[in-house]
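The structure under discussion appears below in the form of structure tokens.
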Amino acid sequence: MNTTEICPVCHAPNTTRQSAGANTVELHCPRCGRFQIQAFAETQLLNNRPAFPPPHLLSGLCRNMWDILNDKLLITVDLFKSWTELDAAAKVAVPRDTDLATKSEYLMRYMRRKSKSLADTVLFTPNELSVGFCVNKNELIFCLKYLAAKGLIEEDVATKQQQGFPYHLTPAGWATLDNHSATQEKPVAMVCLIPGKEPDLFWTQGISAAITSAGYTAVRADSKECANKITDEIIIGIRKSRILVADLTGQSQLVYFQAGLAIGLGKPVFWTCEATELADKKLMVDTRQQIITSWTRDKLPEFAARLASRIEASLG
């Protein structure tokens, strides 16, 4: 049974509510879109609102995950702890308050979704504050004027209304959105290895070449600056990656930890190791249960081809 009430995130009225399981409800807010929230988190938002995250950012995250991905954010008390927890749960980028470019891009993408033809006008009302992660009407106007000054959108003065701000995309705006769509990033493959142990050719001709060939973007989880450390950035990167490639050469405890985290998160893990070390059979994973792609320094292109085939065979 649906009931109507005030949204605990943005306090907008006319929010419908229905059960979504034990201690969880699903809400449909005219500003925040559809999202789910656990009972304890809702109680905190309504009675003792946490200092983090700011309401407009949480509202924007709910709205854009629903609008763009058709996915419902589950709000738990963990999201009130830090940027690390919020970013880890987010499936779209959450802009910081002064990130004008990202907020404005969200507004343009919304205009494209709402435009059935090239000349359609899109009306921005208070309910669209969340589309651009905007804190209030003044910030929404600021972002719209920024896009207008760049020649990407134009105010439709002829249909200007008191309850909203009508704008349409310009030809330059449509072209910018088309170019952005054509260059969207491929899914990320996180790579875990011991930094500095192998020459650059192992990365360029081996690991990176294989991952690129398989249709992914290779991103290193470690660097010389963060060797032997687990940072929030690494954990967030693993959470957001599609797959993980772990090179066991050198038996790094850090690599094992990163691979274990990925497995716990349900990410496919692809193991690699230098052939001599693999032959010694001293790895801390059961080689009878795991497929490990071996490599040698003089045959990196062949290794890249085998690893790419392994990824494609498993995931497509």
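Throughout, read-outs are computed from the coordinates displayed, never taken from laboratory work. Remember, it's a predicted structure, so these values are computed and weren't measured experimentally. With ideal geometry, Cβ positions are generated from the backbone for all residues, glycine too; neighbour counts draw on all protein chains shown.
For the chain, return all DSSP H helices satisfying: extent of Cα atoms along own axis at least 15 Å; mean Kyte-Doolittle hydropathy at least -0.5.
Sorted by number, the helices that extend far enough and score high enough are 55-69, 137-149, 171-182, 253-264, 300-315.
Long-range amide H contacts for Phe270: which residues qualify at under 5 Å (H placed 1.01 Å from N, peptide plane, sequence gap of 5 or more or a different chain)?
Under 5 Å from the amide H of Phe270: Leu244, Val245, Ala246.
Run the dipole for region 3-89 about the Cα centre, Lys and Arg Cβ at +1, Asp and Glu Cβ at -1, nothing else charged, and hand back the magnitude in debye, nearest 20.
About 180 debye.
Rounded to the nearest 20 Debye, what is the dipole magnitude of the chain about its Cα centre when Lys and Arg each give +1 and Asp and Glu each give -1 at the C-beta? Working shown, then result.
Working: 35 positive and 33 negative charges, 80 e Å.
In debye, rounded to 20, the chain gives about 380.
Classify region 3-89 from the C-alpha gyration tensor, please: rounded if a/c falls under 1.5, else prolate or oblate depending on whether a/b exceeds b/c.
Verdict is rounded for region 3-89.
For region 1-149, what class follows from the C-alpha gyration tensor (a ≥ b ≥ c being the square roots of its eigenvalues): rounded when a/c is under 1.5, otherwise prolate if a/b is larger than b/c, else oblate?
Prolate is the answer for region 1-149, as a/c is 1.5 or above and a/b outweighs b/c.
What is the distance, in nm, between label points placed 7 Å from the Cα along the Cα-to-Cβ direction at Phe257 and at Phe142?
With each label placed 7 Å out from Cα toward Cβ, I get 4.0 nm.
Quick check: from the Cα gyration tensor, does region 100-182 come out rounded (a/c under 1.5), prolate or oblate?
It is oblate, given that a/c is not under 1.5 and a/b is not larger than b/c.
From Cα pairs below 8 angstrom and at least 6 apart in sequence, can you work out the relative contact order of region 188-315, rounded to a whole percent? Kindly include the intermediate steps, with their values, before the conclusion.
Numbers: 189 pairs, mean separation 38.5, N = 128.
RCO, region 188-315: 30 percent.
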